[in-house]
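*Asks:* Before I ask anything, here is the structure I am working with.
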Amino acid sequence: MNPERLIGRGSVALLIVAASLFAGPAAAQDPGDTLVVAVPGTDITLVLARIPAPEPLWMAVHEVTHDQYAPFRYRRLDSDADAGAGSYDADAVTRPSPPYEDPVHGMGKGSHPAGGMTRLAALRYARWLSEKAGRLFRLPTEAEWELACLAGGAGPFGIGVEADDLGSAAWYEANSRGAFHPVAEKRPNAWGLYDMHGNVAEWVMSGDPLARGVVRGGAFDDPPDALRCDARFEERAAWKRRDPQIPKSRWWNTDSPHVGFRIVSPARDYDLEEIRAYWADLLGR
């Protein structure tokens, strides 16, 4: 059964998909069980897997794609919608300014990862998505991301991914041919998460959202050691090297097509007031 066929466009529709739709309310509590979210007013459908963090949460099974990012980036693809107990006004959104040049250097389209955005732009997307769906979405913390990467294991690449067979689970320097690829083409880890290693590195939360950021997971042009679950890399000034603007863009990096992100959503429900308070505290009004 394709769970996306059970999701209607134009209203918030949440469906927990366990081994059987009739397995009972306790069935969808295991790592890797999935949650499907249709985003009102768009063609976006998100699939998230259960992560047994100290505060349980759902994590997107793959990186945010070009098509999933596009309705936030382009006003013409976004529509007004009901969002939880409130309403969403597409004209009130602060959207990414046009980049100085293609942020992914010709590699991005369709189900390829969205890339080249700053961490602030990734956070703004999560804020937009939260408002659209009436559900809190955010970036994972470093601890949450690493826990999901390990998937219950302790090895360098976690359970379900072997060091001597990394190419079956990751696009990296040995097999990527110098470019990232559509998401979810490789084998997932033990919790059903694709591309936790390679393809594009992923923004995570680490301290002040306006300070220098951190990415995890490695990218299509990285060696195996950079794809380890414990590998982390700080944002570099070189990622904006060719940006001639003063000040440099808050939305885009001219030289980091290898950087994208995935989103998470806490397992507990937040009402719209709590969601807006979270983002106001993090990013201001």
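*Asks:* Under Stokes-Einstein, with the Kirkwood radius over Cα pairs standing in for Rh, what whole-number D in µm²/s applies to the stretch 137-285 at 20 °C and 1.002 mPa s? Spell out each step's value before the answer.
*Replies:* Numbers: Rh = 16.5 Å.
Stokes-Einstein gives a translational diffusion coefficient of 130 µm²/s.
*Asks:* Among Asp208, Asp89, Asp102, which one shows the highest mean-square fluctuation when the chain is modelled as a Gaussian network with alpha-carbon springs under 10 Å?
*Replies:* Of Asp208, Asp89, Asp102, the Gaussian network model singles out Asp208 as fluctuating most.
*Asks:* Grab the beta carbon distance between Asp165 and Lys109, set R0 = 22 Å, and tell me the FRET efficiency rounded to 0.05.
*Replies:* On the way: r = 29 Å, r/R0 = 1.31.
After rounding, the FRET efficiency stands at 0.15.
*Asks:* If you don't mind, another one. Between Ile275, Ile246, Ile51, where does the largest GNM mean-square fluctuation fall for the chain, given springs only between Cα atoms within less than 10 Å?
*Replies:* Ile246
*Asks:* Per 5 Å bin, what percent of the C-alpha pairs of the stretch 68-173 does each bin hold, from zero upward?
*Replies:* 2, 10, 15, 17, 16, 15, 12, 8, 5, 1, 0
*Asks:* Sum up the lysine pairs in the chain that clear both bars: alpha-carbon distance under 29 Å and a spacing of 8 or more or different chains.
*Replies:* On the way: Lys109/Lys132; Lys109/Lys186; Lys109/Lys240; Lys109/Lys248; Lys132/Lys248; Lys240/Lys248.
Close lysine pairs under the 29 Å cut-off: 6.
*Asks:* If you roll a 1.4 Å probe over the heavy atoms of the protein chains, what accessible area per residue do you get for the chain, in Å²? It would help to have the intermediate numbers written out before the result.
*Replies:* Details: 12710 Å² over 285 residues.
It amounts to 45 Å² per residue over the chain.
*Asks:* Two-decimal Rg/Rh of the chain from alpha-carbon positions, Kirkwood Rh?
*Replies:* Values: Rg = 18.0 Å, Rh = 19.1 Å.
With Rh from the inverse mean 1/r over Cα pairs, Rg/Rh is 0.94.
*Asks:* When the accessible area of the chain is split by element with a 1.4 Å probe, what percent falls to carbon and sulfur?
*Replies:* Numbers: 6440 of 12710 Å².
Ligands and nucleic acids excluded, carbon and sulfur give 51 percent.
*Asks:* Give the separation of the Cα centroids, the stretch 249-285 to the stretch 85-107, in Å.
*Replies:* 13 Å
The values are calculated or read from the model by the stated rules, or taken from the named source; none is laboratory data. None of these values were measured; they are calculated from a predicted model. In this analysis, Cβ positions are derived from the backbone assuming ideal geometry, glycine residues included, and neighbour counts consider all displayed protein chains. The protein model used for the area step is the full one, side chains on, heavy atoms only, and it has no ligands, DNA or RNA in it. Shrake-Rupley method; radii C 1.70, N 1.55, O 1.52, S 1.80 Å.
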